[in-house]
Amino acid sequence: MPGDLSEDLWEQLRRKQGTWLDWADACQSLQRQGESSLAIFENTGFEPIQQNQIVVAAQVYRGLGDHLQDEAVRSYFAQRGSDILYELRILSLEDRVAALGLIWQQKLDALEARDLAKAMKEPRPEEFGGAPGDALAYQVWKACQMRLEPMEKARLIARGLKFAQSAPARRALEKLLSDLVSPPPAPAPRLPLYRYDAEDPVPRVIPFAGALPLPPEAIAPIPLILPQPPFGVVHTEGPSAWIALPGWHSIRDAEDPVAVTCTASYLEPLIDQAIAPGEELLLLVVDRAQRLWHPDSFFLVERDGTLALTWSEAAPETKIWGRLVLAVRPKRYFDEAAAQELWHLEE
């Protein structure tokens with residue numbers, strides 16, 4: 001139980017005599033005498049959190065000193081509003097005085113005072129000035145940049161205009177209001193910008209010579225095609241045909257590729273096996289830079305004035321025009337027969 005020397009302080013708190021400033025002084029005096037917050041609560045009913053609030057609020061109030069010159073505001077907060085003063089503890093002395101003026105004028109409660117203090121601590125653009133009301137107006141302006149329903153946005157703007165204290169801040173909010181009535185022109189869409197990645201299968205454009213069998217004159221005039229960086233632009237002169245293929249390894253590695261077509265029935269005698277319906281077209285890519293015979297590959301050779309695809313164990317005696325590096329079948333969404341095939345022309 002409390003001693004006789006501090007009985008007056010205990011009685012003051014139990015009966016809540018005086019103002020909240022007196023209660024704060026009594027709590028602080030008892031704490032200095034060694035009484036715990038819990039003991040004060042058990043004997044007076046002042047919860048520890050309330051004790052802390054009024055003690056801190058009293059420090060904020062008395063710290064204002066002569067800086068708070070409005071006697072009406074000073075007198076008001078001497079009687080009530082400790083919860084509001086507590087929320088202003090995070091502000092500088094100058095900002096506390098300015099905030100109290102707005103709180104008094106707008107009759108803000110403790111929760112609104114907390115929002116005001118947080119808003120004043122946050123950096124804001126020059127047009128929203130240094131006045132405390134402009135800090136709240138800026139919070140409204142930021143909230144309106146989000147996707148809100150027009151009615152919600154109009155309600156927020158009205159609240160912001162209520163607090164805005166400078167002309168630039170009011171103009172910024174009024175512009176938001178006018179945009180609700182007359183929306184600004186839609187902005188340009190985002191550019192679908194993309195950068196090639198090193199692993200991307202960049203397509204390659206290949207000259208197309210025609211369908212086999214062909215005369216040598218169909219391929220001989222086609223010049224070496226060198227795509228120009230950075231986007232692989234191909235320059236041509238005169239009539240020509242082209243085909244774009246994915247950047248598979250065999251396509252990327254080919255030095256001087258030319259594409260031709262043939263039917264499946266044209267190739268089947270070479271391998272003695274059906275590879276596709278007889279009249280289905282296949283696309284063949286021949287690398288003219290590879291003219292050294294190898295028994296593991298098919299080659300395009302000249303035979304009796306005509307170009308033909310062939311294979312043999314020994315090097316042919318006729319002129320070699322290039323090595324077959326890839327054979328491509330047309331795209332099929334689903335081909336059950338293809339799933340049964342065991343032979344494919346590959347690199």
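Bear in mind that the values in this text are calculations on the coordinates, not laboratory data. Treat the numbers as computed from the prediction; the structure is a model and nothing was measured. Every residue, glycine as well, gets a Cβ built from its backbone with ideal geometry; the counts of neighbours run over all protein chains shown.
What does the charge dipole of region 124-184 about its Cα centre add up to, to the nearest 20 debye, if the Cβ of each Lys and Arg holds +1 and the Cβ of each Asp and Glu holds -1?
The dipole magnitude comes to about 120 debye.
Expressed in nm to one decimal, what extension gain is obtained for the pair LYS121 and VAL205 from 0.36 nm per residue of sequence separation less their Cα-Cα distance?
24.2 nm
Translational D (Stokes-Einstein, µm²/s) of region 73-152 at 25 °C and 0.890 mPa s when Rh comes from the Kirkwood sum over C-alpha pairs?
The calculation lands on 183 µm²/s.
Restricting things to alpha carbons, tell me how big region 1-121 is in terms of Rg and Dmax, in Å.
Rg and Dmax of region 1-121, Cα atoms, are 15.4, 47 Å.
Given only helices, namely DSSP H runs of n ≥ 4 each adding -39500 (n - 2.57), what is the per-residue ellipticity at 222 nm of the chain, to the nearest 500 deg cm²/dmol? If you can, show how the numbers build up before the last one.
On the way: 13 runs with 142 residues, N = 347.
Mean residue ellipticity at 222 nm (helix-derived): -12500 deg cm²/dmol.
For region 124-184, take every pair of Cα atoms, bin their distances at 10 Å starting from 0, and report each bin as a whole percent.
26, 57, 17, 0
Taking Cα pairs under 8 Å and at least six residues apart, what relative contact order does region 97-192 come out at, in percent?
Worked out over region 97-192, it gives 24 percent.
Based on other C-beta atoms within 10 Å, arrange ARG147, ARG80 from fewest to most.
ARG147, ARG80
Under a point spin-label approximation (7 Å from Cα along Cα-to-Cβ), what is the ARG62-HIS235 distance to one decimal in nm?
So the label points at ARG62 and HIS235 sit 8.8 nm apart.
Between region 268-317 and region 1-51, how many Å separate their Cα centres?
Answer, in whole Å: 104.
Within straight cross-link reach of LYS162, meaning Cα distance under 17 Å, which aspartates and glutamates are found once same-chain residues fewer than 8 apart are removed?
Filter leaves ASP109, GLU112, ASP115, GLU127, ASP134, GLU152, GLU174.
Output the relative contact order of region 1-121, whole-number percent, from Cα pairs under 8 angstrom with separation of 6+ residues.
21
Note down the Stokes-Einstein diffusion coefficient of the chain in µm²/s, whole number, using a Kirkwood radius over alpha carbon pairs, 37 °C, and 0.692 mPa s.
112
Just to be sure I understand: of the beta bridges DSSP finds with both ends in the chain, what percent are antiparallel, rounded to 5?
90
Measure of size requested: the Rg and Dmax of region 1-54, with Cα atoms as the atom set and Å as the unit; please supply both.
Looking at region 1-54, its Cα Rg and Dmax stand at 9.6, 27 Å.
Can you work out ³J(HN,Hα) from phi for every residue in region 38-50, in order, using Karplus 6.51 cos²θ - 1.76 cosθ + 1.60 and θ = phi - 60°, giving whole Hz and x for Gly and Pro?
Per-residue couplings from phi come out as 5, 5, 5, 4, 5, 9, 10, x, 7, 5, x, 5, 6 Hz.
For TRP321, TRP141, TRP248, which order do you get if you count the other beta carbons within 10 Å of each Cβ and list the fewest first? Walk me through the intermediate numbers first.
Details: TRP321 20, TRP141 23, TRP248 17.
So the ranking, lowest neighbour count to highest, is TRP248, TRP321, TRP141.
Length gain on complete extension for the stretch GLU268 to GLU149, per 0.36 nm per residue less the alpha carbon to alpha carbon distance?
Here the segment from GLU268 to GLU149 would lengthen by 36.0 nm.
So how much slack lies between SER36 and LEU177, counting 0.36 nm per residue of separation and subtracting their Cα-Cα distance, in nm?
45.3 nm
Test of understanding: extend the Cα→C-beta vector of TYR76 to 7 Å, then name every residue of region 128-172 with backbone N under 20 Å from that spot.
Hits in region 128-172 for TYR76 at 20 Å: 131-137, 159-166.
Under unit Cβ charges (Lys, Arg +1; Asp, Glu -1), what dipole magnitude, rounded to 20 debye, does the chain have relative to its Cα centre?
1660
Please name whichever of ILE243, LEU283, HIS294 sits farthest to the positive end of the charge dipole of the chain, dipole taken about the Cα centre and charges placed at Cβ: Lys and Arg +1, Asp and Glu -1.
Highest projection toward the positive end goes to ILE243.
Quote the relative contact order of the chain in percent (integer), defining contacts as alpha-carbon pairs under 8 Å separated by 6+ residues.
9
Please give me the summed charge of the neighbours of ALA158: other residues whose Cβ is under 14 Å from its Cβ, Lys and Arg +1, Asp and Glu -1.
Numbers: positive: LYS153, ARG155, ARG159, LYS162, ARG170; negative: GLU152, GLU174.
Result for the neighbourhood of ALA158: +3.
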